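Here is the structure we will look at, set down as structure tokens.
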Amino acid sequence: MPCERKPMRYGHSEGLTDVCFDDEGKSIVTCGSDGDVRIWESLDDDDPKSISVGEKAFSVALKNGKLITAVSNNTVQIHTFPEGDPDGILTRFTTNANHVTFNTSGSKVAVGSSDFLVKIVEVMDSSQQKTLRGHEAPVLSVAFDPSDEFLASSSCDGSVAVWSVESQTQVAQWKVLQKSSDVSAAKSLCRLAWLPRSGRVLAIPVDATVQLYDRNTWTHISTLSDDLSTQVVNVVVWSPCGKFLAAGTVGGNLLIWDVVAKLCVERQKHEKGFTVCGMAWHPSGGRIAYTDTEGCLGLLDGVSSASAPTSSSTTQSTKATAAKETNDYDDLFDDDDDRIMDEGMSDSHSPVKKALVEDDDDDDLMPATGRARNRASFLDDDNSQDAASVKLDKLPDEDGSSAILPPVIPAVSRPVYEGPMPTPPQRAFQPGSTPVHLMHRFMTWNSIGIVRGYNDDQDNAIDVEFHDTAIHHAMHLTNTFGHTMTDLSQEAVLLACEGTDELASKIQCLHFSCWDTQKEWMVDLPKGEDARALCLGQGWAAVATSTLMVRLFSIGGVQREMFSLPGAVVCMAGHGEQLLIVYHRGTGFDGDQSLGVQLIQLGRKRKQVIHGEPLPLSQKSYLAWMGFTAEATPCCIDSVGVVRILNRTLGNTWTPVCNTRESCKSKSDHYWVVGVRENPQQLRCIPCKGSRFPPTLPRPAVAVLPFKLPYCQTTTEKGQMEEQYWRSVLFHNHYDFLSSSGYETDSEVQSQAQKEQQELLMKMFALSCKLEREFRCVELAELMTHNVVTLAIRYASRSRRMALAQKLNEIALEKANQLHEEEEQEEEEPAYQSVAQNSLFNHVRRESRGSSQMNGCEDEDVEEEYTQEEERDAEEASETKKPCLNPFKKEAQSPERPSPKPVNREGRANPFKVSSAGKSSGSPAGQSRTTNVLDSMTMSSRKPVALSGTSKQSKAPVLKPLAPKAKSKTQATLLQMTATKASSKKQESQSGTETVKQTPAATPPVSAENTENRKPKTGFQLWLDENRKSILADNPDFEEMDVIKEGMGRFRTLTAEQRLEWSEKAKSESDLKKRKREHGGEEDEQMERDESGAKKKKALDSSAKLSAFAFNKK
């Protein structure tokens, strides 16, 4: 009885449709572009139940009472069946989902979308998702292997891929389809189908044929075609028994093949010739439902009886099925071939006896339907499962239709390699951009502004919006060239597009900060060279191209240097004078990317900071964002959500500082990063529900995530303090880089950070003491400043841990020696050197002084001296910020402050105050000028008051930085000059310019002790003394500070030999003074050992005079 084609029924509006049966086959479910899902009791149902799921429904799947639909609002929705009640959203994409399908058990759903992704989602827990990446174009269809081990997918990029569900990696790929840009432009929907139950064969529609691939070897084993049909096959579906395969074409043909015989046993024609886009086989196998692109539903009835080629074969097939239900593709072919062999005893066209006695050399003459393998099984059952023989016998092709296939690797060599599989390389992208295929997308989102791109039927334009409108007003640009890449800075907007067959790749720059009227320039790249990535910096632009080149341009359009990359570029970022490039340095394996990074300094001193070292990423992840923090530190984020920042102080290594996944409520949620700040510590990002990218409308809200280093045991007090300390250290390293690069830094914030770090160290020290971890205490002391080590010594002494205090004392001595050596190095620096390094060292010393305030010291002398130091530091800082002035200059009109008065209290003396005698030590240069802190600590363990009294016996204090001291030769010169100038201020008001020339003679008398303790003159000071008259003669209106600055300028013009002569001359004078001091060294030591009150008072008076001199008092 022939197959009966039922009349078509109108079901949906014009457009793509899909169809499926319920589990029992009682209902037909269809969906269409009208956004409705209809449930038909039969084809004659005049009032099918309708469920509205959205604006458009592209695909539908039904199992276990769950109705899954792919809807046009980029979501996959769940409804109950047959009630049709909404049951939530299964997952989201950034664009349309094209196809959905259940696995055999109905526990998982696979979805393919136009954003190149394939997702596998658990139905009962949608947070359990797996994402498969590798396609380079929208996904057409997906199909689950019956055993849930593999998933097949077809794409507009022309490939059909097979994925391992467990490892989420590709295990096979065939380039057998024609490429297209979108699903609507695809030649075929390429609906895939696995053989039921066993899944041994995968059916792929390729042009007008259906190609069958073996699951074990992933090789092509057979091709189904029909000479009477030349139309492209759109969709295929297996019969429940697995013996027949049905196909629908784009021209409306309905074909059914007997897979074993490779014969087309049924042909039906669509009544109007419309494209068949949906097809489903009834669970009983007797009917096939199909839909077309006009929204109509059709039915083929009586398929089982019509699909038998002969009555005898039908009878034998029925008997075989009744005797044994075939659960394996091999068993299916075995039964069929045995039947054919039995019938061949009386059939002249089947010489079975000849086949039985032929040698195995004739195997290549047998058709590739499994008969040769089954013949071997008939002859030798024990060896029938030999894997090599199975795979070898299936290799020969039986017709010329397989000539269109690409060459296939021999099946024998494939299973031999069981190592890691290569990972497809990541494509180039712009940081802060969404995928290019979206009609409305973010082209750039950074700290400067937002660039949006619109490419739809109405408009093709680019909108530029600035966070700070003071930089520039918003701009609307017509995207006539089809730009797909942009970058935005405070100076310009840089755009680029890829080339076509007719047009070259173009680079366009809108230099809106330009002062002339021509604010735009454009450059065409050479033919065959396309832009892949671009970025902007301060005064420059960079473009990476497809020829592994990086081209540099000035912001005005001048071509600059160009260089080659070792691999294809992934992304680039610029900040100030820094250029950061990420590229493929090799082939990754097992889902990992192999990326390299280069960091290039493009300032006056051009250098390569990072030389292509590997970029660390999480396992099985790819780079999602790359750029700089607001403080110019490189930072990267991978697809897993781990944020890493460059640690310049640890050999340019990358430290993980945050994991955005810890803040996500669901596994399908992600954070899209738009910026990173180190001060305050902020990760600025956009939360994306069920997607990796935010939509352009409505405008997404920016959230702020905190940083947290992944240290161990952060729930304990020790772990928390360790994480806080090292995070503070890491996020304040940029101050050193900015200072060395000439940028202004906030000294108050840096001082506060230094104080917080030392407080944390002291807290950890106290905790370790309580836990009796003395060795750990010493390790923490190594990280402390000199002053905080002294506080730790006090704490250890009062805790009666004398062994620990002795160890800490040795560390204190080492740190004091280091400070002394640094000071001596500063004194040896020439006066014409840049003040930046000196100011940085002075700032660090101020921090070390400030860190000692946290212990709440009861000594009033220490507090008084700190007050004086802070006043002087604040005055120096305020004067440094004034433009065009020496940073160490004091204002002539500055209010006078009384000089610090000496304090003399019995039992309350300051143990850390620097005395004048300490500076005139007669000890050899190789010995330390510091004292043993334990000399006083051990004596004062019972009497804290006696601590400060005994410590004054030492020759030099431990807290040496507390002494007011010039930070460099330049500052020493200025202090000396300004002191001289202040002493003669009244004389200047009476005699004018003449008094300025006599200023050196007007210096107030100073004691001999202070004269000896004064720093030796530098070479510049000696030169200035001899050339002062000539400078004043040329510039009679100059004041003292002007004379010094003019002298510095002239001194720099001298040759290196001349400056060296002046330095040697100054050094020789210094040696003479040292020899004089050594002559009276023994007397000085005797005076220091004297503890009488009169001598103490005398020493303090000398210190007060020195302070008055240093503070420029009258």
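Observations
- For segment 508-558: rounded, prolate or oblate by the Cα gyration tensor [a/c cutoff 1.5]: prolate
- Loop-located trypsin sites (Lys or Arg not before Pro) in segment 600-706 whose Cβ has at most 12 other Cβ within 10 Å (DSSP): R604, K605, R606, K665
- Net lengthening on full extension, R1050/R776 (0.36 nm per residue, minus Cα-Cα): 93.2 nm
- For segment 564-626, the fraction of alpha-carbon pairs lying more than 20 Å apart is 28 percent, rounded to a whole number.
- Pairwise FRET efficiency - F481 versus L263, Cβ, R0 = 51 Å, nearest 0.05: 0.40
- On the basis of the beta-carbon distance and an R0 of 41 Å, A701 and K187 show a calculated FRET efficiency of 0.45.
- Square roots of 5 times each gyration tensor eigenvalue, C-alpha, segment 560-690, largest first, Å: 26, 19, 12
- Think of each Lys and Arg Cβ as +1 and each Asp and Glu Cβ as -1; about the Cα centre, that makes the dipole of segment 147-298 roughly 200 debye.
- Sulfur and carbon atoms: percent of accessible area, segment 705-772 [1.4 Å]: 48
- Residues M562, M721, sorted by accessible area with the largest first, give M562, M721 [1.4 Å probe; ligands and nucleic acids excluded].
- Förster radius 25 Å - calculated FRET efficiency between R427 and Q178, Cβ distance, rounded to 0.05: 0.70
- Among the listed pairs K755/K815; K665/K708; K187/K620; K689/K718; K56/K108; K667/K708, those whose Cα-Cα separation exceeds 25 Å are K187/K620; K689/K718.
- A simple count of charges around A137, restricted to other residues whose Cβ falls under 15 Å of its Cβ and scoring Lys, Arg +1 and Asp, Glu -1, yields +1.
- The mean accessible area for residues of segment 424-529, using a 1.4 Å probe and ignoring ligands and nucleic acids, is 52 Å² per residue.
- Virtual spin-label span in nm between R677 and N1027, 7 Å along Cα→Cβ: 4.9
- Here segment 419-506 is treated as a Stokes sphere of Kirkwood radius computed over C-alpha pairs; at 25 °C and 0.890 mPa s its diffusion coefficient rounds to 171 µm²/s.
- Modelled label positions at L783 and M802, each set 7 Å beyond Cα in the direction of Cβ, lie 3.0 nm from each other.
- Surface composition of segment 209-293: carbon and sulfur make up 50 percent of the accessible area, probe 1.4 Å.
- Residue-normalised accessible area of segment 606-716, given per residue in Å² at a 1.4 Å probe: 47
- A 1.4 Å probe run over the protein chains yields, for segment 189-259, 22 Å² of accessible area per residue, whole-number rounding.
- Put simply, the Cα atoms of segment 41-193 extend 44, 32, 29 Å along their principal axes, the longest span coming first.
- Charged neighbours of L646, selected by a Cβ distance under 14 Å, balance to -2 (K, R count +1; D, E count -1).
- Ranking L202, L477 by solvent-accessible area of protein heavy atoms (1.4 Å probe, all protein chains present), from largest to smallest, gives L477, L202.
- Projected label points at Q720 and L548, each 7 Å from Cα along the beta carbon direction, are separated by 5.3 nanometres.
The values are calculated or read from the model by the stated rules, or taken from the named source; none is laboratory data. Computed from a predicted model, the values in this text were never measured in an experiment. Positions of Cβ are backbone-derived with ideal geometry, glycine not excepted, and every protein chain shown enters the neighbour counts. Please note that ligands, DNA and RNA were not included when accessible areas were found on the heavy atoms of the full protein model with its side chains. Shrake-Rupley method; radii C 1.70, N 1.55, O 1.52, S 1.80 Å.
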